[in-house]
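S.K.: Take this structure first; my questions come after.
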Amino acid sequence: MIVGERKPFPKILQSVENYEKILVLGCGECVTVCMAGGDKEAKETALALSIARKRAGKPVAVESKTVERQCEFEYLEAARRQVEAAEVVISLACGVGVQAMNMHFADKLTVPGLNTTFMGMPLRQGVWTENCLGCGDCVLDLTLGICPITRCSKSMFNGPCGGSQEGKCEVSKEVDCAWQLIYDRLIKMDMLERMEVIHPPKDWSASHHGSVRTSVREDVRIDGQ
Amino acid sequence: MTASNLQKMLDRGNFAVSGELGPPKSADLSTLKHHAHDMRNHVDSYNITDNQTAIVRTSSIGVAATLIQMGLEPNVQMTVRDRNRICLQSDLLGAVSFGVRNFLCLQGDHAKFGNEPGSKNVNDVDSMQWLQAVKKMRDEGIFIGGDKLEHPLPPLFLGAVVNPFADPFEYRPYRLAKKIAAGAQFVQTQCIFDIDRFERWMTKVRELGLHKKVYILGGVTPIKSIGAARYMQSNVAGMIVPEALITRLKGAQDKKREGINIAVETIQRLRETEGVAGVHVMAIAWEEVVPEIVERAGLYPRPVLS
Ligand code: SF4
C-alpha cells in the first residue's frame with residue numbers, strides 16, 4: 001500500500017491561511033489503513049484547524065469528508081457538494097489523490113495535508129517499511145522476494161557492500177541489510193550459488209528515470225482512441 | 001603502451017606499496033602536492049579518494065592530473081554513488097586521455113554520512129557492474145549500452161576493494177571471487193586491525209586459489225590516538241578495531257609511536273602471509289609518517305623499474 005505521514009500541523013495551517021472556508025478530505029484506502037489520512041484523521045485535522053484559527057482571531061469554517069478512494073474521478077463525485085462549498089481543499093490522500101482532485105475539480109485548489117512516503121507495508125502495529133520503488137521490471141524472482149533496489153540503501157544488485165555488519169545496514173542500526181537477508185534466504189532455499197551471478201546494469205528506462213510513465217492496456221480500453 | 005608502475009611492480013613479483021591522498025575541501029592543492037612529494041620515493045602509486053565519506057572535495061580525476069604533471073602515478077578511485085553510467089564512462093575516458101592507467105571501482109559511502117546529506121545517491125550501476133563495464137570498455141571496446149568506442153583504450157589496471165571485516169563473513173572470500181570474475185586485477189582491503197580475522201579470510205582465499213588470480217594489497221592505517229581508534233571502532237562502517245589493540249595503545253607512553261609500531265608490525269605480518277602481494281598504506285591526515293613506516297617495514301628503497 002501507499003504509506004503517508006501527516007504534514008506537520010503548522011505547515012497545514014500555513015497552506016490555508018488565506019482561506020475562510022476549508023474542506024478536509026480524507027481517503028478510505030491506503031492512508032486509512034496506515035492511519036494518516038482516513039476519516040478519523042480528517043475529522044481531527046478539521047477540528048484542530050478550527051481551534052487554531054479561532055485562537056489566532058481568524059475563525060474559519062471547516063468541514064470534513066472522506067471518499068472511498070481519492071485516486072479515481074468517479075469516487076470524487078461523492079464530495080462534490082462539500083468541494084463546491086469550500087474555498088480550498090486539504091487532501092489527506094497520497095499525492096495521487098491530491099492530483100486527481102486538482103484535475104477533477106480544476107477550478108478549486110486542493111493542497112496536500114500528507115507527505116506521501118513510500119510503497120510499503122505495516123511490519124507491526126505502528127511501524128511501516130518501504131518495500132517497492134516501482135522500478136517497472138521486477139527482480140524479486142532473482143533475490144527470493146527481497147528487493148535489493150528498495151531495501152538496500154545503495155540499490156546494489158550484486159551482493160552486500162563493505163558496510164554490512166551483524167545483519168545491519170551501514171546507514172543505520174535500525175535498518176536490516178537487504179543483502180544479509182537475501183543471503184540467509186538463499187542458504188535456506190539451497191540456492192547460494194546465485195550469489196555468484198553478475199547481474200548486468202539495470203535498464204532503468206522502465207522506471208521513472210525513463211520519463212513519466214503511462215500504462216495503456218488495449219484489451220480493456222473502451223474509449224476507442 | 002606500457003603497463004602502470006603499480007602493475008609492473010606486482011607483475012614482477014615485488015611486494016607493492018600504494019599510498020593514499022585525500023583531496024582537500026578547496027581547489028588549493030598545495031598541501032596535497034607537498035604530501036605527494038614527500039612520499040614519492042616510498043610508494044609505487046597513489047590512490048586518490050573520490051569524495052571520501054561523501055564529503056565534497058576536489059575530484060579524484062582533477063587531482064590525478066596534478067599528480068601526472070608532477071611525474072607521479074595516480075590510482076583513481078571512482079565511486080558509483082555520485083555519477084550515472086553516462087558520467088562514469090565519460091569521466092573514465094577523460095582520465096585515460098591524460099594518462100591515468102589505474103582505476104579503483106567502488107560503491108562509495110552513503111551520502112547520509114557526508115556534508116551533503118540531502119543529495120541523491122545515484123547508484124545507477126553498482127560497484128561490480130562498474131568494474132565489469134570498465135573491463136568491457138578496455139577489452140571489447142564497448143560501452144555499457146552496447147555502442148562501440150571509436151578507438152581502443154590503452155592497457156588499464158583495474159582494482160576493487162574488499163572488506164574481510166564486513167558480514168556475512170563466510171561470503172567475503174566469494175565476493176572477492178566475484179570481483180575477480182568482474183575484472184579486478186588487484187584489490188585493496190579495508191584497514192586491517194583484526195589480523196586474526198584477516199588471516200582466516202586469507203586462508204579461505206588461498207583455499208579457493210584466488211590469490212593466484214588477483215593481487216591482494218592489505219590495507220594498513222597507523223592509529224594516531226585512542227580517540228581515533230575508538231572513532232573507527234564505533235563510527236566507521238565495516239571496520240573492526242579489536243579491544244586488545246586499544247589496550248595496547250593505552251599502555252603505551254607515546255601513543256603515536258605505538259600507532260606507528262603497530263602499523264609496521266602489521267605490514268611485517270602481511271609480508272609473511274602467503275598470497276598477500278603488497279600493502280596499501282592509508283594515512284590520511286597523517287601522511288608524514290608514511291616514509292618512516294615503509295622504511296621500518298623493510299620496504300625501502302622501492303625497486304626502480306624500467
Ligand atoms: S549494508 Fe547492506 S543494505 Fe546497506 S548499503 Fe550495504 S549492502 Fe545495501
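S.K.: Just the residues that are under 17 Å from A:ARG194 (Cα atoms), over 19 Å from the mean Cα position of the chain (by Cα) and more than 7 Å from the ligand (Cβ to nearest atom), please, taken from region A:147-163.
M.R.: Within region A:147-163, A:PRO148, A:PHE157, A:ASN158, A:GLY159 qualify.
S.K.: OK, next. Of the residues A:VAL197, A:VAL171, only one is of a type in the set (A, V, I, L, M) and away from the ligand (no atom under 14 Å from the Cβ); which? Even if it seems obvious, please write down each step before you answer.
M.R.: On the way: A:VAL171 fails: away from the ligand (no atom under 14 Å from the Cβ).
Sole residue among the options that is of a type in the set (A, V, I, L, M) and away from the ligand (no atom under 14 Å from the Cβ): A:VAL197.
S.K.: I would also like to ask the following. Which of the numbered conditions does B:ILE284 fail, given that it passes all the others? Conditions: (1) under 20 Å from B:ILE48 (Cα atoms); (2) modelled with pLDDT of 95 or more; (3) not in a helix (DSSP H, G or I).
M.R.: (2)
S.K.: Under the condition of being outside any helix (DSSP H, G or I) and of a type in the set (Phe, Trp, Tyr), which residue from region B:154-206 is farthest from the other protein chains (Cβ to nearest Cβ)?
M.R.: Just the residues of region B:154-206 that are outside any helix (DSSP H, G or I), to begin with: B:154-168, B:183-194.
Checking the rest, the ones that are also of a type in the set (Phe, Trp, Tyr) come to B:157, B:165, B:186, B:193.
Values: B:PHE157: 20, B:PHE165: 8, B:PHE186: 16, B:PHE193: 14 Å.
Result: B:PHE157.
S.K.: While we're here: If we scan region B:204-226, do we find a residue that is closer than 25 Å to A:CYS161 by Cβ and of a type in the set (S, T, N, Q)?
M.R.: yes
S.K.: Okay, next question. Could you run through region B:97-114 and say how many residues are surrounded by 18 or more Cβ atoms within 10 Å (Cβ to Cβ) and more than 14 Å from chain A (Cβ to nearest Cβ)?
M.R.: Looking only at that region, the number is 4.
S.K.: Identify, please: which residue in region A:174-189 is out of contact with any Cys (no Cβ under 8 Å at 6 or more places or on another chain) and more than 11 Å from A:LEU144 (Cβ to Cβ) and is, among those, farthest from the ligand (Cβ to nearest atom)?
M.R.: At the first step, the residues of region A:174-189 found to be out of contact with any Cys (no Cβ under 8 Å at 6 or more places or on another chain) are A:174, A:180-189.
Those still in the list that are more than 11 Å from A:LEU144 (Cβ to Cβ) too: A:174, A:180.
Numbers: A:GLU174: 12, A:GLN180: 6 Å.
Looking at the filtered set, the residue picked out is A:GLU174.
S.K.: Quick one: count up the residues across region A:190-204 that are away from chain B (no Cβ under 11 Å) and either surrounded by 11 or more Cβ atoms within 10 Å (Cβ to Cβ) or not in a loop (DSSP other than H, G, I, E, B) (or both).
M.R.: 2
S.K.: Tally up the residues in region A:150-175 that are farther than 22 Å from B:PRO164 by Cβ and more than 9 Å from chain B (Cβ to nearest Cβ), please.
M.R.: Summing the residues that are farther than 22 Å from B:PRO164 by Cβ and more than 9 Å from chain B (Cβ to nearest Cβ) in region A:150-175 gives 4.
S.K.: Next question. Just to be sure, is A:SER215 in a helix (DSSP H, G or I), more than 16 Å from the ligand (Cβ to nearest atom) and hydroxyl-bearing (Ser, Thr, Tyr)?
M.R.: On the way: in a helix (DSSP H, G or I): no; more than 16 Å from the ligand (Cβ to nearest atom): yes; hydroxyl-bearing (Ser, Thr, Tyr): yes.
Against the criterion (in a helix (DSSP H, G or I), more than 16 Å from the ligand (Cβ to nearest atom) and hydroxyl-bearing (Ser, Thr, Tyr)), A:SER215 does not qualify.
S.K.: Another question, then. All but one of (1) in contact (Cβ under 8 Å) with a residue 12 or more places away in the chain; (2) more than 27 Å from B:TYR215 (Cα to Cα) hold for B:ARG271, so report the exception by its number.
M.R.: (2)
S.K.: Next question. Scan region B:255-264 and tell me whether some residue there is closer than 30 Å to B:LEU158 by Cβ and at pLDDT 95 or above.
M.R.: Looking only at region B:255-264, we keep the residues that are closer than 30 Å to B:LEU158 by Cβ, and these are B:263-264.
Those still in the list that are at pLDDT 95 or above too: B:263-264.
Yes, region B:255-264 contains a residue that is closer than 30 Å to B:LEU158 by Cβ and at pLDDT 95 or above.
S.K.: With respect to B:ARG81, determine if the residue is closer than 25 Å to A:GLY210 by Cα, within 16 Å of the ligand (Cβ to nearest atom) and either in contact with a Phe, Trp or Tyr (Cβ under 9 Å, 6 or more places away or on another chain) or of a type outside the set (Asp, Glu) (or both).
M.R.: Details: closer than 25 Å to A:GLY210 by Cα: yes; within 16 Å of the ligand (Cβ to nearest atom): yes; either in contact with a Phe, Trp or Tyr (Cβ under 9 Å, 6 or more places away or on another chain) or of a type outside the set (Asp, Glu) (or both): yes.
Yes; evaluated as a whole, the condition is true for this residue.
The values are calculated or read from the model by the stated rules, or taken from the named source; none is laboratory data. All values derive from a computational prediction rather than experimental measurement. Because the Cβ atoms are built from the backbone with ideal geometry, glycine has one as well, and the counts that use them run over all protein chains shown.
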